[in-house]
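The block underneath contains the structure these notes are about, expressed in structure tokens.
Derivation of every value follows stated rules applied to the coordinates shown; laboratory data play no part. Nothing here was measured: the structure is a model prediction, and the numbers come from that model. A quick note on method: Cβ atoms are made from the backbone with ideal geometry, for glycine too, and the neighbour counts reach across all protein chains shown.
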């Protein structure tokens, strides 16, 4: 079962727009030194939509070859089943421990199409598949009932749930097979999601505060909800400013301001509005991150 803190890691860029390989390695060390269980390269936070196929595999390869104790859950989804198959097989060959596979976006497939999509991927690789449900980006919600069907497919090991629907999250956690992991995909809902059965999170905030997010999740898993609530309260202002604009614009800006490898965003993502960056800077300062 997948559990704990997984960081949806940013992809740092050089000033010329190329991938900052040494910067990525530095970020991975920072994550491991601060208790993160899993590194998730090439997700939405890693700007996967703007990476070429070659770059996508390069980021996964750097991650796999840089970790010393953390697991690697490689982003390998696509709205094209054939491309998702190709990426998943490549991630497996590189050495990823699992893949994160988004619900096909733009096409808006039917429930049958979604099931056939994930059946095809699961039958083509031998590493676990974590489904990524984020209807705000895909246009399609994988309902609890459909997710419970998908959970029965051999190889489907869990879901990163970013629907924002705690009732849906709780239903999946309650009725899925015992070895199926529900992971929160919304930082602000990690604690309540764990209260209804989630076993951890794939976090954006943990890029910059991996120690605190890890400690909160570990406290919930160990039954120390008082400590988890305390950490969560401390982090709430950070959650707010890290989603003032489209992810990963604020987190990459925050990492740059805090002195970590980050670099420019790739179009069509662009720099934060000045007023939002000022709010971000203020919270980072209050959190002792500047």
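One table, with the values for the structure above:
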quantity: Among 113, 158, 35: highest mean-square fluctuation, GNM of the chain, C-alpha pairs under 10 Å; calculated: 113
quantity: Cα-based Kirkwood hydrodynamic radius, the stretch 102-252, one decimal, Å; calculated: 16.0 Å
quantity: Whole-angstrom gap from the stretch 193-212 to the stretch 276-290, using each part's C-alpha centre; calculated: 21 Å
quantity: Fewest-first sequence of 50, 11 by Cβ atoms within 10 Å of each Cβ; calculated: 50, 11
quantity: For the stretch 74-182, fraction of C-alpha pairs farther apart than 21 Å, in %; calculated: 27 percent
quantity: Choice from 175, 30, 118 with maximal GNM fluctuation in the chain (Cα, 10 Å cutoff); calculated: 175
quantity: Label-point separation in nm, residue 22 to residue 152, each point 7 Å along Cα→Cβ; calculated: 5.4 nm
quantity: Computed label-point distance, nm, for sites residue 1 and residue 54 using a 7 Å Cα→Cβ extension; calculated: 4.4 nm
quantity: Among 60, 231, 169: highest mean-square fluctuation, GNM of the chain, C-alpha pairs under 10 Å; calculated: 231
quantity: Structure-derived Rg and Dmax of the Cα atoms in Å: which label, when the choices are (1) 17.7, 49; (2) 23.2, 70; (3) 18.9, 68; calculated: (1)
quantity: Fewest-first sequence of 290, 146, 24, 267 by Cβ atoms within 10 Å of each Cβ; calculated: 267, 290, 146, 24
